[in-house]
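Here is the structure we will look at.
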């Protein structure tokens with residue numbers, strides 16, 4: 001970003017080496033972040049620009065290796081579950097497989 005504009009430095013992703021077998025754990029972007037950042041900085045001066053208002057920002061890590069949740073409202077959740085058993089969905093919430101994709105949402109049936 002530069003001011004209220006987004007710079008298209010997508011070609012910097014070419015700095016990520018192609019993976020072979022076995023595939024490394026974690027996200028290739030994060031594992032090669034310094035390399036991608038250096039490439040993005042080189043591309044930035046001549047990059048196409050778009051107003052931020054016309055861009056949909058998505059997760060830069062579409063396949064996280066883990067999801068960490070902070071149970072700040074855990075006691076409130078327990079009290080709510082006792083009062084309203086219907087609020088318990090039974091859906092897993094801490095496994096990577098329970099997360100939605102980078103550009104999607106998940107509807108939990110009630």
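May I ask you to list the residues in the range 15-41 that are modelled with pLDDT of 90 or more, in contact with a helix residue (DSSP H, G or I) (Cβ under 7 Å, 6 or more places away or on another chain) and either assigned to a loop (DSSP other than H, G, I, E, B) or within 18 Å of residue 2 (Cβ to Cβ) (or both)?
16, 32, 36, 39, 40
Which residues, taken from the range 42-57, are out of contact with any strand residue (DSSP E or B) (no Cβ under 6 Å at 6 or more places or on another chain) and assigned to a loop (DSSP other than H, G, I, E, B)?
Correct list: 48, 56, 57.
For residue 96, which of the numbered conditions (1) in contact with a helix residue (DSSP H, G or I) (Cβ under 8 Å, 6 or more places away or on another chain); (2) modelled with pLDDT under 70 fails to hold?
(1)
The values are calculated or read from the model by the stated rules, or taken from the named source; none is laboratory data. Note that the structure is predicted; figures quoted are calculated from it, not measured. As a convention, Cβ positions derive from the backbone with ideal geometry for all residues, glycine included, and neighbour counts pool all protein chains shown.
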